[in-house]
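For reference, the structure discussed in these notes is given below.
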Amino acid sequence: MSVPMLDTYREVITPEGVPLHLPAAGPLPRALAWAIDFAIRFGALSVMSVPLAFLGDFGQGLYLGLLFLMFWAYTIVQEALWGQTIGKRAMGLRVVAQDGAPVGWMAAITRNLLRTVDMLPFGYALGLLSCLFDAHGRRLGDMVARTVVIHIGAPADGGTLAIDSVLPPPPLQPAEQAALIAFAERAPRLPGPRQQELAGLLTPLSGGHGQVGVLRLYAMANWLLGRR
């Protein structure tokens, strides 16, 4: 049995029969993202401990409440709302459901509560072993919550994309994936102005206008179709 040390792609098939390739993140970038989040939480607690120390027992109670929020709410809320913490954003990572859809509250709560298991016996040892031996780098919390951590990213200038470029899209629902692929298949038969008009409806997804938006949608569809 080989140990997957490098990042790998996870392929899932949507209900519409669309193959979706998720670039699963390995333990190293995930560990770096965790370290960034830990530094942020530790820094916030250290700063707040100074003024709270002057409030006696009341301040100690507030500190314990802040400790709880930093340990649990920090990750749960950010992942449920945006799919990524500050550390994951810095490392270009995002948590998604195993079918590529947004992670949601229940999955975010589940995967974070199970960190207490992944930490055993010390230093995330069990979670690290799980990541190393799982084909998609999942720790136990991910397996139970049915989530996966993936790489994301986009070029700074979408205007440099060509029609055969590849660009990972944000997490999409199956119907949105099918719509994006349908656009890429039909748009080449349409005149340029009509392509740009249709792409304008998806500006929140592509983040570009005019031909830039058209090319970004093509690139995202290429990624969904595995054209790499």
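Arrange the following residues from fewest to most other Cβ atoms within 10 Å of their Cβ: 63, 74, 218. Don't skip to the answer; put the middle values down first.
On the way: 63 16, 74 19, 218 25.
Neighbour counts put them in this order, fewest first: 63, 74, 218.
Please rank 111, 194, 41, fewest neighbouring Cβ atoms within 10 Å first, as an exposure proxy. Before the final figure, lay out the partial values.
Values: 111 26, 194 11, 41 20.
Ordered by Cβ neighbours within 10 Å, fewest first: 194, 41, 111.
Within a 10 angstrom radius of the beta carbon, how do 49, 130, 206 rank from fewest other beta carbons to most? Don't jump to the answer; show the numbers that get you there.
Working: 49 14, 130 20, 206 24.
Ranking 49, 130, 206 by Cβ neighbours within 10 Å, fewest first, gives 49, 130, 206.
Enter the Cα centre distance for the pair the range 169-228 and the range 65-141, rounded to the nearest angstrom.
When both Cα centres are located, 30 Å separates them.
Quick one: give the max-minus-min coordinate of the C-alpha atoms of the range 8-151 along each principal axis, largest first, in Å.
Extents along the principal axes, in whole Å: 61, 30, 24.
The numbers here are math on the coordinates, done by the rules we state, and not lab data. Quick caveat, the model's predicted, so the values are computed rather than measured. Counting neighbours? That spans all protein chains shown, and the Cβs are built from the backbone with ideal geometry, glycine included.
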